[in-house]
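The values are calculated or read from the model by the stated rules, or taken from the named source; none is laboratory data. All of these numbers come straight from a predicted model, not from anything done at the bench. Positions of Cβ are generated from backbone atoms using ideal geometry, with glycine treated the same way; all protein chains shown enter the neighbour counts. Surface accessibility is based on the protein's heavy atoms, side chains included, excluding ligands, DNA and RNA. Shrake-Rupley method; radii C 1.70, N 1.55, O 1.52, S 1.80 Å.
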Amino acid sequence: FRNHAWDYLDPYEYGSRARAAFVYYYLYSVYTWSMIFFTIGLTMRLFKRRRPRVEYMADASYFFYWLHFPLVLPLQVIVASWDTNPILKVVWIVGVASLVMWPIYHFGVRYTWVGRIFNGRRERPVT
């Protein structure tokens, strides 16, 4: 009795079709990892200089990842009954969530102990 799909991909038990599937999935995984490393390398080559805005957004992304679910879920409940285009609903949810999360991140997280937990120590720019 077989429990998993990969039990059927034994290349020696089921003949050429299983061997072809095995080779296909192996090459597919090699291709996927190659594209990941290619994308990382290309990004490192094209974006050598510092971009403070991009760094700021990258620092905020981890906090946004943790905050978005408890924020987006009630917004989805609010818009569920709206009789409008679903794309407009998504745009509204993203807009409202962003308007709430950016100030919270900037004033309540970035230069506080919470920000140190998420991204390490950050110094306030001197102006």
Exercise for review: Within segment 80-114, count every residue that is among the hydroxyl-bearing types (Ser, Thr, Tyr) and modelled with pLDDT of 90 or more.
Suggested key: 3
Check your understanding: Which condition number does ILE117 fail, the rest of (1) within 21 Å of the chain's Cα centre (by Cα); (2) open to solvent by 60 Å² or more (accessible area, probe 1.4 Å); (3) modelled with pLDDT of 85 or more being met?
Key -> (3)
Review point. With TYR62, TYR28, TYR56, TYR24 as the choices, which residue is more than 19 Å from the chain's Cα centre (by Cα) and at pLDDT below 90?
Key: TYR24
Point to revise | Long-range neighbours under 7 Å by Cβ, at least six apart or interchain, first residue within 13 Å of PHE63 (Cβ to Cβ) within segment 106-127, second open to solvent by 100 Å² or more (accessible area, probe 1.4 Å) | key: TYR111/ARG124; PHE118/TYR62; ASN119/TYR62
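Any chance segment 80-90 includes a residue that's among the hydrophobic types (A, V, I, L, M, F, W, C), out of contact with any strand residue (DSSP E or B) (no Cβ under 6 Å at 6 or more places or on another chain), surrounded by 15 or more Cβ atoms within 10 Å (Cβ to Cβ) and without any contact (Cβ under 8 Å) to a residue 60 or more places away in the chain?
No, segment 80-90 contains no residue that is among the hydrophobic types (A, V, I, L, M, F, W, C), out of contact with any strand residue (DSSP E or B) (no Cβ under 6 Å at 6 or more places or on another chain), surrounded by 15 or more Cβ atoms within 10 Å (Cβ to Cβ) and without any contact (Cβ under 8 Å) to a residue 60 or more places away in the chain.
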